[in-house]
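Q: A single structure is presented below for examination.
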Amino acid sequence: MIYNYCPVCGEKLLGKLAGDDGPTPFCPQCDKFWFPTFSDCVIVLVTNELNEIALVKMPYLSQKYESLISGYMKPGETAEVAANREVQEELGISLTSLRYSGTYWFAKNEALMHGFIGTTVKQDFKISDELASAKWVLAKDAPQYMFPDSPGNAALAVYRNFIREIY
Ligand SMILES: [Zn+2]
């Protein structure tokens with residue numbers, strides 16, 4: 001989001017030079033720059049010892065396609081903490097390891113997606129109320145259930161990273 005008015009006092013912002021960033025929205029009342037902001041999200045490919053991955057159906061996103069675990073980070077969290085938390089909240093399981101798998105810009109939501117690959121041992125899920133379903137599928141079969149490729153489809157990008165690692 002690019003600010004035109006100060007989110008604190010409502011004053012119209014001025015373009016003030018901020019070093020290499022050039023003219024930047026500035027509130028003269030609060031003496032504060034308001035740099036553009038965006039959301040940070042985590043997206044986690046959860047896999048097990050059988051090279052299966054967890055796919056979830058989120059009714060508010062699609063009745064048809066399935067997704068990886070994802071969610072918005074909270075202020076004060078690291079991406080790693082958020083990734084573990086989202087997996088726990090959505091699937092009711094703990095990860096045994098977690099590794100970073102790149103960042104992806106999702107323009108539609110003005111969000112930076114932090115990709116992760118998380119491992120666990122195969123077990124049943126205790127899914128969140130916000131999910132319609134969750135299931136384990138063989139990694140090689142996953143794309144047929146997932147959202148089609150499009151700019152900003154971080155799920156498929158993380159999936160491709162994972163496939164490169166195991167094959
Ligand atoms: Zn202000």
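Q: Which numbered condition trips up Phe35, out of (1) under 23 Å from Leu112 (Cα atoms); (2) of a type outside the set (Lys, Arg); (3) outside any loop (DSSP other than H, G, I, E, B); (4) more than 12 Å from the ligand (Cβ to nearest atom)?
A: (3)
Q: Taking Asp20 as the residue in question, decide whether it is modelled with pLDDT under 95, away from the ligand (no atom under 16 Å from the Cβ) and either touching a strand residue (DSSP E or B) at 6+ places or on another chain (Cβ under 9 Å) or outside any loop (DSSP other than H, G, I, E, B) (or both).
A: yes
Q: While we're looking at this one, here's another question. Quick check on my filter: what residues within the stretch 126-139 are open to solvent by 60 Å² or more (accessible area, probe 1.4 Å) and either touching a helix residue (DSSP H, G or I) at 6+ places or on another chain (Cβ under 8 Å) or assigned to a strand (DSSP E or B) (or both)?
A: The answer is Lys126, Ile127, Glu130, Lys135, Leu138.
Q: Looking only at the stretch 71-91, how many residues end up being part of a helix (DSSP H, G or I) and either open to solvent by less than 40 Å² (accessible area, probe 1.4 Å) or out of contact with any Leu (no Cβ under 8 Å at 6 or more places or on another chain) (or both)?
A: Within the stretch 71-91, residues that are part of a helix (DSSP H, G or I) and either open to solvent by less than 40 Å² (accessible area, probe 1.4 Å) or out of contact with any Leu (no Cβ under 8 Å at 6 or more places or on another chain) (or both) number 11.
Q: Cβ contacts < 9 Å: first residue without any contact (Cβ under 8 Å) to a residue 60 or more places away in the chain, restricted to the stretch 20-32; second residue of a type in the set (Gly, Ala, Ser) and within 14 Å of the ligand (Cβ to nearest atom), any location; separation 6+ or different chain. Result?
A: As it stands, the answer is Gln29/Gly10, since those pairs meet every condition given.
Q: Taking the stretch 34-50 as the region of interest, how many residues are open to solvent by 60 Å² or more (accessible area, probe 1.4 Å) and in contact with a strand residue (DSSP E or B) (Cβ under 7 Å, 6 or more places away or on another chain)?
A: Qualifying residue count, the stretch 34-50: 2.
Q: If the Cβ limit is 7 Å and pairs must be 6+ apart or interchain, which residue in the stretch 1-17 that is under 20 Å from Phe38 (Cβ atoms) pairs with which residue that is near the ligand (Cβ under 7 Å from one of its atoms) and not charged (D, E, K, R)?
A: Listed by first residue and then by second, the contacts come to Cys6/Cys27; Cys6/Gln29; Cys6/Cys30; Val8/Cys30; Leu13/Cys6; Leu13/Cys27.
Q: Tell me which of these Ser62 doesn't satisfy, since it passes every other one: (1) more than 16 Å from the ligand (Cβ to nearest atom); (2) out of contact with any strand residue (DSSP E or B) (no Cβ under 6 Å at 6 or more places or on another chain); (3) open to solvent by 70 Å² or more (accessible area, probe 1.4 Å).
A: If we test Ser62 against (1) more than 16 Å from the ligand (Cβ to nearest atom); (2) out of contact with any strand residue (DSSP E or B) (no Cβ under 6 Å at 6 or more places or on another chain); (3) open to solvent by 70 Å² or more (accessible area, probe 1.4 Å), just (3) comes out false.
Q: Only one of Tyr100, Tyr3 is aromatic (Phe, Trp, Tyr), part of a loop (DSSP other than H, G, I, E, B) and modelled with pLDDT of 95 or more. Can you tell me which?
A: After ruling out the rest, the residue left standing is Tyr3.
The values are calculated or read from the model by the stated rules, or taken from the named source; none is laboratory data. Quantities reported herein were computed from a predicted structural model and do not represent experimental measurements. Because the Cβ atoms are built from the backbone with ideal geometry, glycine has one as well, and the counts that use them run over all protein chains shown. Areas reflect the complete protein model, heavy atoms only, side chains present, ligands, DNA and RNA absent. Shrake-Rupley method; radii C 1.70, N 1.55, O 1.52, S 1.80 Å.
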